[in-house]
Amino acid sequence: PEYMLCLQNGKFDHPDRMFNSIAETWKNCLDGTTDFKELIPEFYENDASFLVNNLNLDLGRTQGGKMVENVELPPWASDADDFLQKSRDALESQYVSEHLHEWIDLVFGYKQKGDEAVAAHNVFHPLTYEGGVDLNRIMDPNERVALLTQILEFGQTPKQLFVTPHPQRIVPKFKSLSRASSCSISITESPVSPGEESFEDLTEESITLAWNNITKLKLQEQHKIHKGAVTGIAVSSNKSSIFSTSQDSTLKMFSAESKIIKRSVSFSSMALSSCLILPGDTSVICSSWDNNMYAVYLYLPPSCV
């Protein structure tokens, strides 16, 4: 309530404009041109108090005479807690995983601006976009304050991060195991093809099998090449070189054939956190605790990369 009062200058908004129904809000966002509500993280957490008028506040009546009380939930939710639980289940579902890249395209990607945004019906007021207005060029103080207030109170479109379609998330699917699975599901309920089970269905069984087989693992080699903890490992495409980063702030290239360090470089005063070899084995990308990414180009004979 305190946020609502702050936004409305110490008063609650008109009852018909308040968040009082999931269905009505959903419809307004889809059909209206002035309603831009978004789901806040609380919709996927464990505290449902924001959906319930526990303080018994007098929020008024709508034009239809209905008293504004608890948020009206969809018929498939028995109560507010059940609504949040099912929202979390939906967020972690196979369907969302397979279509997550489409949301990224709209919010952060190539469908955020331009012709692609128009075609996707994904356009907003010009003031909401980064760089949409240069406040320093507005000389009228009243106009400047009005624009700044609108930007602060009604939000901004996120910074565009991608200009090409985002790749689809790889959703692993595993073949059914020979022995019966304790958490198997029927073919009619399975989101994948018959004879297969999704990663979610096999999680518990995979963990059990992994622990049962872990005692069969044998240590083949051990090489201490860093002074600090290892934070990342990448292997060249021909398996001849192993690159590693460490909290000692170094990137090292270890030869899998000669068992010696071929190259060691330090370019940050802080720990390195990960490394990735780009296609062609010509360069390595590293990230660091100093919030920077570093590109290391390898000018080595083909036999060493």
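Points to keep in mind about this one:
- Overall form of region 242-289: oblate. Here a/c, set by the Cα gyration tensor axes a ≥ b ≥ c, is 1.5 or more, and a/b is not larger than b/c.
- Applying a threshold of 29 Å to the alpha-carbon distances of Lys111/Lys252; Lys27/Lys159; Lys218/Lys262; Lys86/Lys216; Lys86/Lys113; Lys216/Lys239 flags Lys111/Lys252; Lys86/Lys216; Lys86/Lys113 as lying beyond it.
- Taking label positions 7 Å along the Cα-Cβ direction at both Glu42 and Ser258, the computed distance is 6.3 nm, reported to one decimal.
- Dipole axis of region 11-100 (+1 Lys, Arg; -1 Asp, Glu on Cβ), positive-most option in Cys29, Phe43, Gly64: Gly64
- Each of Gly109, Phe83, Val96 was placed along the dipole of region 45-150 (beta-carbon charges, centred on the mean Cα), and the one lying farthest toward the positive end is Gly109.
- Pair Glu143, Leu100: separation of 7 Å Cα→Cβ label points (nm): 4.5
- Shape category assigned to region 1-156 from the gyration tensor of Cα positions, a/c cut at 1.5: oblate
- Electrostatic dipole magnitude of region 230-300 [Cβ: Lys, Arg +1; Asp, Glu -1; Cα centre; debye, to 20]: 200
- Computed FRET value (nearest 0.05) for Met270 with Met67, which takes r as the C-beta separation and R₀ as 51 Å: 0.35
FYI, it's all coordinate maths here, none of it is from the lab. If you're wondering where the values come from, they're calculated on a predicted model, not measured in any experiment. Counting neighbours? That spans all protein chains shown, and the Cβs are built from the backbone with ideal geometry, glycine included.
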